Amino acid sequence: MGLAEPVSLYIDTFGTGKLSDEDLLYLLKVYFDFTSSNIRKELELDKVKFSSLSAFGHVGRDDLNVKWEKTESKANELSEAYGKAKRTAQVL
């Protein structure tokens, strides 16, 4: 925490990805901001009721209405970027 760039990023889809692991890693580096302030802002951590999280966990629950369970907008952004690169024959 506190570093603008992560020390390490690793993706392994075990051969199940529609894109190569290298292309996915490139998109991750381009479209995600890993600074602490951005993580706090994008995940709306100031709005989270942490006592509810600590009771039963924080992943896969729709009763908490937490931002990290809503991935559609980022998925669409990445899909559009991939589509643009593919249409213009750019290699990611």
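Derivation of every value follows stated rules applied to the coordinates shown; laboratory data play no part. Source: prediction; values computed, not measured.
For the reader, a short list of remarks on this structure follows.
- 24 Å Cα-Cα reach of Lys47 towards lysines, excluding residues that sit fewer than 8 places from it in its own chain: Lys67, Lys70, Lys74
- Karplus (6.51, -1.76, 1.60) ³J(HN,Hα), θ = phi - 60°, over the stretch 21-37, in Hz, Gly and Pro reported as x: 4, 5, 5, 5, 5, 4, 4, 4, 5, 7, 9, 10, 9, 9, 5, 4, 5
- Relative to the current alpha-carbon distance between Ser8 and Lys41, full extension at 0.36 nm per residue lengthens the span by 9.7 nm.
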